[in-house]
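The values are calculated or read from the model by the stated rules, or taken from the named source; none is laboratory data. Bear in mind the structure is a predicted one, so any value in this text is a computation, not a measurement. In this analysis, Cβ positions are derived from the backbone assuming ideal geometry, glycine residues included, and neighbour counts consider all displayed protein chains. When the accessible area is computed, the model is the full protein with side chains, heavy atoms only, and any ligands, DNA or RNA have been set aside. Shrake-Rupley method; radii C 1.70, N 1.55, O 1.52, S 1.80 Å.
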Amino acid sequence: MKRIGYFFIIAFTTITFLASGMSLLAADNIKKSHFQAAHKVLSIIHATDQFDYFLPHTMIALKNELMRNDPHLEKMISQTVDEQAMILIERRADLEREVVGIYAKHFTEDELKNIAIFYSSPVGKKLLMGGPEAMADSVKAYDMWRQAFGHDLAVNVEKALNEKLGRK
């Protein structure tokens, strides 16, 4: 197996760093109830769900990379990647704890409780469901506005310069 893709090395290094216990904060200084409040918020807002896509995508990419180098070992490569991923899967809980600690670091326990109350409300749930679509639509509106603004600015500047220079 000639090489493991660069992306996998970076991703693996990042996960290894997080899982190795090199915490970004001093967890000992945060009360258990504070961590519980942070965990509740993460659960409600699904803050770490996006991380779950990493493992299957990384596994597929690694299998493809290794199989390109040694196609005759397809079955062995696939089985070995699956086996090794299952050994490492428990590290996902380490990442969850790290992110809970990060939220506990950035928000007080009372703030986290209020955040949980809001996102548990009908309006909070609607924001969670509709927020990404509203943000995507906002980005589209910005792109259209930006293009029109840039065009109009160029046209207006050209017109103003021509007037100042006495051109028609």
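Summary of values
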read-out	value
Å² of accessible area per residue within the range 97-168, as computed with a 1.4 Å probe and no ligands counted	81
Spatially proximal aspartates and glutamates relative to residue 63 (Cα-Cα < 20 Å; intrachain offsets below 8 disregarded)	52, 74, 82, 83
Lys/Arg +1, Asp/Glu -1 at C-beta; the range 25-168 dipole; positive extreme among 161, 132, 120	161
Percent carbon-and-sulfur accessible area, the range 15-168, ignoring ligands, DNA and RNA, probe 1.4 Å	62
Chain lengthening between residue 161 and residue 30 when straightened (0.36 nm per residue, less Cα-Cα)	40.9 nm
³J(HN,Hα) computed for each position of the range 74-86 - Karplus, 6.51 cos²θ - 1.76 cosθ + 1.60, integer Hz, glycine/proline x	3, 5, 5, 4, 4, 5, 5, 4, 4, 4, 5, 5, 5
Label-point separation in nm, residue 133 to residue 48, each point 7 Å along Cα→Cβ	2.9
Solvent-accessible area per residue for the range 48-96 (1.4 angstrom probe, square angstrom)	67
Straight-distance crosslink candidates among lysines, where the alpha carbon sits under 22 Å from residue 125 and sequence neighbours closer than 8 are dropped	40, 113
Reach of residue 126 by Cα under 17 Å, taken over aspartates and glutamates that are not fewer than 8 positions away in the same chain	137
Percentage, to the nearest whole number, of Cα pairs in the range 100-168 over 18 Å apart	67
Computed E for residue 109/residue 61 - FRET, C-beta separation, R0 45 angstrom, nearest 0.05	0.70
Extension gain from residue 84 to residue 149, taking 0.36 nm per residue of separation minus the Cα-Cα distance	18.1 nm
